[in-house]
1. Cβ under 12 Å from Asp63's Cβ, Asp63 left aside: what net charge do those residues give with Lys, Arg +1 and Asp, Glu -1?
2. Considering amide H positions built from the backbone, and no H for Pro or chain starts, which residues 5 or more places from Gly58, or on another chain, come under 5 Å of its amide H?
3. For the chain, the longest stretch holding no GluC sites (Glu not before Pro) located in a DSSP loop with at most 16 other Cβ atoms within 10 Å is which?
4. Within straight cross-link reach of Lys136, meaning Cα distance under 20 Å, which lysines are found once same-chain residues fewer than 8 apart are removed?
5. How many nm is it between the label spots at Thr176 and Glu252, if each spot is 7 Å from the Cα in line with the beta carbon?
6. Calculate, in whole percent, how much of the Cα-Cα pair population of the range 66-201 lies beyond 19 Å.
7. Assuming R0 = 30 Å, can you tell me the calculated FRET efficiency for the pair Asn99 and His48, based on Cβ-Cβ distance, to the nearest 0.05?
8. Could you tell me the calculated FRET efficiency between Leu67 and Lys146, based on Cβ-Cβ distance and R0 = 41 angstrom, to the nearest 0.05?
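Only the coordinates and a few stated rules stand behind these numbers; no lab work does. Quick caveat, the model's predicted, so the values are computed rather than measured. Virtual Cβ from ideal backbone geometry, glycine too; neighbours counted across all protein chains shown.
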Amino acid sequence: MAKRPYIVGNWKMHGTRAMLAEARAIDRASERLIKVEVAVAPPFTLIHATRKEANLIGIGAQDCHNLEGGAHTGDISAVMLKDAGAGFTILGHSERRANHGEKDADVRAKGEAALAAGMNIIVCVGETEQQRDAGKATSVVTKMLKGSLPQCDDPAERITIAYEPVWAIGTGRTPTIEDIGDMHKAIRESLVAIYGEDAAPDMRILYGGSVKRENAAELLAAEEVGGALVGGASLSAESFLGIIIAAAETEEA
């Protein structure tokens, strides 16, 4: 693919200031691995501190509110995140959809807010095990894309898709390489329908779901896979760098 592989660490609800040492180690190593674009999304409380400690990698958020401000106790707007140092936000993660009842329309509204605030977005889609077993995986994912993606003048630069089969997140299970390639191709076709032939081919599609250094090279070599959204393996600089190195070696192959 034309763009560098994009490896993004989602720290989820993990991390105190002690984790800044991991961010510094990732940042230092990234200076040598210039063939890969690297980013991490720490919890809200660490965004500003991580941005100060890590200058070479991207720093993002894990969610945002769809409004710029107001009486929304406990929520954080895209404007606030941008001010704290976040350059992007993850949206529509399956854990948000399942645990907070987020619908496609909610994800789309958040995406519009983040783009308006000057942030890029990573929009997550993926099917459950029951949906895959019923033969509905592709239709479910394409419907999610259509409902979740905001309009954008420059989607190739501002929007990334992350395909995360729900049943593979944190379970140690992964789809076959053929299944991953087939789904990424279906996503690419949907992006063409949504954004057109000019922009869609350059949009990156990441794979997420139990990505670790032991399987990263194989997963990243699948057709149309432009990087990875990494969960637990991104909490340690050592394990996360193993994935980044695999991405760099895949790019060289």
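1. Working: positive: Lys12, Arg96, Arg97, Lys110; negative: Asp75, Glu95, Glu102, Asp106.
With Lys, Arg at +1 and Asp, Glu at -1, the neighbours total 0.
2. Result for Gly58 returns Val38, Ala39, Val40.
3. Values: sites that count: Glu31, Glu68, Glu197, Glu214, Glu223.
That gives 69-196 as the longest site-free run.
4. Correct list for Lys136: Lys103, Lys146, Lys185.
5. 3.1 nm
6. Working: 4732 of 9180 pairs.
Cα-Cα pairs in the range 66-201 separated by more than 19 Å: 52 percent.
7. Working: r = 25 Å, r/R0 = 0.85.
Calculated transfer efficiency: 0.75.
8. 0.95
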